[in-house]
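Engineer: Take a look at this one; I'll ask things after.
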């Protein structure tokens, strides 16, 4: 059985990206899923002076340990002003001081969604280019546009049949 670690790149308690990552993970057959909450890895704002004072943060190592325990990573990034959320970027910054191989050479399904029609396309592009340098084996990407129009919060699933079929095909082709 495969182990999936999934998370949304946001510290919002009602993160739509966490909902998408959770849903996408549920489509992978023969897998156990652990969904992380970035709020469990909240650290002070990274800075080299603070790092000199306190050293490597134990929550950064805990986050790295969670990623390393997976066979597959399902990551859905929130887009804030066209880039990563500060909460996610801060975790990356702390983790990168421990190892450059943050994603531990794991297969990754990289996702993004937003309320707008571009579905987090800017942050998805940034991550698709950057994450391989941090040890991600990105096997597929997927963007869900207009989250509020295409996702049923009550049932926790994509409602647009075409977008649903696209995600199911990605998972069937890459995560058997």
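The values are calculated or read from the model by the stated rules, or taken from the named source; none is laboratory data. Keep in mind the model is a prediction, meaning the values are calculated, not measured. As a convention, Cβ positions derive from the backbone with ideal geometry for all residues, glycine included, and neighbour counts pool all protein chains shown.
Engineer: Criterion first (under 21 Å from residue 142 (Cβ atoms) and touching a residue at least 40 places away in the same chain (Cβ under 8 Å)) does residue 73 satisfy it?
Structural biologist: Yes; evaluated as a whole, the condition is true for this residue.
Engineer: Continuing with this model, one more query. Would you list the helices (runs of 4 or more DSSP H) that sit entirely within the stretch 1-109 and hold 3 or more residues that are farther than 22 Å from residue 166 by Cα?
Structural biologist: 48-54, 58-68, 86-96
Engineer: Could we say that residue 55 is more than 30 Å from residue 172 (Cβ to Cβ) and either within 12 Å of the chain's Cα centre (by Cα) or at pLDDT below 95 (or both) here?
Structural biologist: Spelling it out, it is not the case that residue 55 is more than 30 Å from residue 172 (Cβ to Cβ) and either within 12 Å of the chain's Cα centre (by Cα) or at pLDDT below 95 (or both).
Engineer: Quick check on my filter: what residues within the stretch 32-47 are farther than 11 Å from residue 7 by Cα and in contact with a helix residue (DSSP H, G or I) (Cβ under 7 Å, 6 or more places away or on another chain)?
Structural biologist: Result: 41, 43, 44, 45, 46.
Engineer: Before we move on, is residue 115 modelled with pLDDT of 95 or more and part of a loop (DSSP other than H, G, I, E, B)?
Structural biologist: Criteria met by residue 115.
Engineer: Look at residue 126 and say whether it is closer than 27 Å to residue 2 by Cα and either surrounded by 16 or more Cβ atoms within 10 Å (Cβ to Cβ) or in contact with a helix residue (DSSP H, G or I) (Cβ under 6 Å, 6 or more places away or on another chain) (or both).
Structural biologist: no
Engineer: Could you please find all residues in the stretch 18-50 being within 19 Å of residue 168 (Cβ to Cβ) and touching a strand residue (DSSP E or B) at 6+ places or on another chain (Cβ under 8 Å)?
Structural biologist: Selection gives 19, 20, 21, 22, 23, 24, 25, 26, 28, 30, 31, 33.
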